[in-house]
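Below is one structure, written out as structure tokens; the observations come after it.
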Amino acid sequence: MKDKAALLSTSPWVKAHFLKSEDLTKEDIDWIQKIGQKRCFPRDAIIIGMGSCGEQMYYLLKGTVRNSILNAGGVEKSVCYVTAGCFLGEEPFFHGQPTLYHTVVLEEVEALEISRKYMKEMISRPGLAHILLNSVSFKSRILATQIEDLAFRNTLEKVSRILYCILAENNGDREKSRPIHTSQQELAAIAGAHRVSITNAISQLKKEGIINRARDGSIIVRDWERLKEKGFSCHI
């Protein structure tokens, strides 16, 4: 697992460029815009609640959301982040079973809400069917990676992988030294770890000279190769 695409496919951030289809036509896009009801959601709004049964799904035109699961005590585990140009809620839309996660808006969202009554026509269109298959399979890979994290990686390895994946979202080596503005609370939610464990992992990476902390608290990576080795040691 050495190339950028393979690294990105383990990242919890779902990006539109992973879901492209050569079969998608202008007619498909026009059809989605015709049947979709435009909805706007402010920051912190819940778009999909736990237990809902997928009567509709969404195509994000703008914004970012987080899919998370919660336990009875309110402890949150982030599953994935969905961005503009991607579908949201397609899993319960097709299987019709109660949703096990809830979706919260991180950045103000504009989306097209698509009713379940259009499901058969949607999957009859090769371009849209291909994108939806890509979306479901990509999210399945994200889940598999998170299972691997929880089962086999310690917190230091998980934090290293997550930080490296944030780098992989960039285009070009010139941005390798940019700060990473991700809070320890967010890292804890992604990694499924306590904040104290995240603090200890970051301190260890800093002690080894792999990262530094900027004045504003953001993380600056100094040695990406060593970070990669720690985060993906079982794959490289």
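The values are calculated or read from the model by the stated rules, or taken from the named source; none is laboratory data. Since we're looking at a predicted model, the values are computed, not measured. With ideal geometry, Cβ positions are generated from the backbone for all residues, glycine too; neighbour counts draw on all protein chains shown.
Of all the numbered requirements in (1) outside any loop (DSSP other than H, G, I, E, B); (2) more than 25 Å from residue 150 (Cα to Cα); (3) not acidic (Asp, Glu), residue 5 misses one, and that requirement is (2). For the stretch 19-38, the condition of being surrounded by 18 or more Cβ atoms within 10 Å (Cβ to Cβ) and of a type in the set (S, T, N, Q) holds for none of the residues.
All of (1) in contact (Cβ under 8 Å) with a residue 60 or more places away in the chain; (2) in a strand (DSSP E or B) hold for residue 58 with one exception: (1). Looking only at residues in the stretch 102-120 that are in contact (Cβ under 8 Å) with a residue 40 or more places away in the chain and not in a strand (DSSP E or B), the one that is farthest from residue 45 (Cα to Cα) is 118. Does the stretch 73-89 contain at least one residue that is more than 22 Å from residue 5 (Cα to Cα), among the aliphatic types (A, V, I, L, M) and over 12 Å from the mean Cα position of the chain (by Cα)? Yes, the stretch 73-89 contains a residue that is more than 22 Å from residue 5 (Cα to Cα), among the aliphatic types (A, V, I, L, M) and over 12 Å from the mean Cα position of the chain (by Cα).
Note on the stretch 8-55: residues that are assigned to a helix (DSSP H, G or I) and more than 18 Å from residue 82 (Cα to Cα) total 10. Residue 182 fulfils the conditions (1) within 22 Å of the chain's Cα centre (by Cα); (2) at pLDDT 85 or above except for a single criterion, (2). Look at residue 33 and say whether it is within 19 Å of residue 121 (Cβ to Cβ), touching a Ser or Thr at 6+ places or on another chain (Cβ under 7 Å) and either of a type in the set (S, T, N, Q) or modelled with pLDDT of 90 or more (or both). Against the criterion (within 19 Å of residue 121 (Cβ to Cβ), touching a Ser or Thr at 6+ places or on another chain (Cβ under 7 Å) and either of a type in the set (S, T, N, Q) or modelled with pLDDT of 90 or more (or both)), residue 33 does not qualify. Tell me whether the stretch 213-221 contains one or more residues that are farther than 18 Å from residue 153 by Cα, surrounded by 16 or more Cβ atoms within 10 Å (Cβ to Cβ) and modelled with pLDDT of 80 or more. Yes, that holds for at least one residue. When residues in the stretch 15-29 are screened for being farther than 12 Å from residue 139 by Cα, at pLDDT 85 or above and of a type in the set (D, E, K, R), 3 of them pass. Output yes when any residue across the stretch 89-101 is in contact (Cβ under 8 Å) with a residue 60 or more places away in the chain and either part of a strand (DSSP E or B) or under 15 Å from residue 139 (Cα atoms) (or both), and no when none is. No: the stretch 89-101 contains no residue that is in contact (Cβ under 8 Å) with a residue 60 or more places away in the chain and either part of a strand (DSSP E or B) or under 15 Å from residue 139 (Cα atoms) (or both).
Scanning the stretch 86-121 for residues that are within 14 Å of residue 37 (Cβ to Cβ), touching a Cys at 6+ places or on another chain (Cβ under 8 Å) and surrounded by fewer than 20 Cβ atoms within 10 Å (Cβ to Cβ) yields a single hit, 110.
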